[in-house]
Amino acid sequence: MVRVAVAGASGYMGAELLRLLLVHPRVSVSGVTSDRLAGEPLARAYPHLRGLCDLRFHDLDAGWLADVADVVFLALPHMESQKAVPALRRRGVKAIDLSADYRLRDPQDYVTWYKAPHVDAAGLAEAVYGLPELHRKAIAGAALVANPGCYPAGAILATAPLVRAGLARLDGIVIDGKSGVTGAGAQGRKVDPMYLYTEANENVQAYGLASHRHTPEMEQELGALAGAAVRVAFTPHLLPLNRGLYTTASVPLAAPVATARLLEVYREFYAGEPFVRVLDEGERPTTRAVVGSNYCDVTVVADPRTGRAICVSAIDNLGKGGSANGVQNLNILCGWPERTGLDAPPVYP
């Protein structure tokens with residue numbers, strides 16, 4: 001059994017990690033941290049996990065984590081993981097970071113988008129972007145994995161086959177993302193009013209206009225696939241859902257291509273992928289069909305009138321957009337079948 005700890009276990013990502021890890025057949029959960037809830041029993045914070053774990057929350061101490069775990073998941077606020085990871089790396093403990101701290105390869109991007117310098121240049125240089133569909137081989141040999149953000153996971157999986165095949169023009173890509181409210185995290189005592197029930201219910205809101213921090217992540221990964229710089233126009237929206245993320249990307253085509261051919265490209269690109277389901281022509285992804293899972297449902301439709309492809313994906317923002325994808329990365333790191341601990345189908349209704 002591999003000992004696994006979760007740092008920042010009192011948020012939604014941490015809770016979803018524990019839901020998956022506590023029934024994973026090759027893992028023992030050996031530690032959980034939360035500065036806010038240090039000393040409290042895990043089951044008091046998460047009654048749905050009652051009877052599955054008798055651990056108590058510990059304060060965040062990288063040395064303690066290195067003592068109790070072989071692999072540490074970090075579900076911490078942005079710019080916090082980079083303070084703990086160096087100590088874990090010195091002790092030979094592998095880390096899977098669910099924050100943004102190791103996703104961007106250029107340290108200057110953190111100054112631009114997060115308004116703070118990155119303090120672990122060595123870790124940033126070593127980190128592997130943790131989207132298995134693009135970086136499986138590198139993840140297998142990594143000591144530090146940077147789990148993708150939820151919006152980039154949905155956007156990249158929706159558009160990667162087009163970009164990689166050279167069918168997309170790299171200017172004018174427009175990405176619309178819609179997320180459930182858990183995408184903002186539990187937020188502790190500081191709650192943005194837009195996430196209050198009375199504001200989110202029966203409402204749709206755009207936010208982060210022309211400034212969302214997931215934008216450079218999309219551009220980085222799509223640019224690497226294209227072998228050239230990519231700029232995207234990305235707008236996120238908040239939906240009155242607990243969980244789920246829906247992406248619609250409008251991608252200009254380099255030349256006219258029929259829908260049937262585009263779907264062939266997608267099926268070829270995702271052939272053998274255990275968690276990406278390319279839908280048949282005429283079918284459409286829905287968030288309801290993926291909630292509670294690590295699946296991404298995806299389709300593409302040619303629009304000959306505008307010379308564009310409409311790429312659509314649906315994921316669970318806590319699943320393929322977060323914790324479940326992190327467990328898939330754990331399986332790859334450990335050399336286990338990727339579906340281990342992730343075989344349960346989505347929750348319906």
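The values are calculated or read from the model by the stated rules, or taken from the named source; none is laboratory data. Note that this is a predicted model, so its numbers are computed, not measured. Quick reminder, even Gly has a Cβ in these numbers, built from the backbone with ideal geometry, and neighbours come from all protein chains shown.
For the reader, a short list of remarks on this structure follows.
- Selection of the range 215-241 for residues being within 19 Å of the chain's Cα centre (by Cα) and of a type in the set (A, V, I, L, M, F, W, C) yields M218, L222, A224, L225, V232, F234, L238, L239, L241.
- Of all the listed residues (R277, R243), the sole one being surrounded by 17 or more Cβ atoms within 10 Å (Cβ to Cβ) and either without any contact (Cβ under 8 Å) to a residue 24 or more places away in the chain or in the same structural domain as M13 (by TED's automatic domain parsing) (or both) is R277.
- Scanning the range 47-71 for residues that are of a type in the set (G, A, S) and crowded, with 18+ Cβ neighbours inside 10 Å turns up A62, A66, A69.
- Within the range 50-67, considering residues that are free of Cβ contacts under 8 Å to residues at least 40 places away in the same chain and part of a helix (DSSP H, G or I), the one nearest to G8 (Cα to Cα): A62
- Taking the range 209-298 as the region of interest, none of the strands (runs of 3 or more DSSP E) fully inside it holds 1 or more residues being at pLDDT 95 or above and of a type in the set (D, E).
- For the range 128-147, a residue qualifies if it is under 15 Å from K83 (Cβ atoms) and assigned to a loop (DSSP other than H, G, I, E, B), but none of them does.
- Residues located in the range 72-95, provided they are small (G, A, S), out of contact with any Asp or Glu (no Cβ under 7 Å at 6 or more places or on another chain) and crowded, with 17+ Cβ neighbours inside 10 Å: A75, A84, A95
- Here L42 meets each of (1) more than 24 Å from A138 (Cβ to Cβ); (2) surrounded by fewer than 19 Cβ atoms within 10 Å (Cβ to Cβ); (3) in contact with an Asp or Glu (Cβ under 9 Å, 6 or more places away or on another chain) with one exception, condition (2).
- Residue tally, condition part of a loop (DSSP other than H, G, I, E, B), out of contact with any His (no Cβ under 8 Å at 6 or more places or on another chain) and not polar (S, T, N, Q), over the range 198-208: 2
- Inclusion of V119 among residues that are touching a strand residue (DSSP E or B) at 6+ places or on another chain (Cβ under 6 Å) and either over 29 Å from R243 (Cα atoms) or not in a loop (DSSP other than H, G, I, E, B) (or both) is not warranted.
- Residue match in the range 192-201 (condition: under 28 Å from L279 (Cα atoms) and either more than 18 Å from the chain's Cα centre (by Cα) or surrounded by 13 or more Cβ atoms within 10 Å (Cβ to Cβ) (or both)): no
- Looking across the range 301-349, just one residue is basic (K, R) and part of a strand (DSSP E or B), and that is R308.
- Qualifying residue in the range 89-97 (condition: farther than 17 Å from A142 by Cβ and either in contact with a Phe, Trp or Tyr (Cβ under 7 Å, 6 or more places away or on another chain) or at pLDDT 95 or above (or both)): no
- Residue within the range 307-322 that is in contact with a strand residue (DSSP E or B) (Cβ under 8 Å, 6 or more places away or on another chain) and either without any contact (Cβ under 8 Å) to a residue 40 or more places away in the chain or acidic (D, E) (or both) present: yes
- Just one of (1) modelled with pLDDT of 95 or more; (2) crowded, with 18+ Cβ neighbours inside 10 Å; (3) assigned to a loop (DSSP other than H, G, I, E, B) fails for S10. It is (1).
- Taken over the range 130-139, residues that are within 18 Å of S323 (Cα to Cα), among the small types (G, A, S) and surrounded by fewer than 20 Cβ atoms within 10 Å (Cβ to Cβ) amount to 0.
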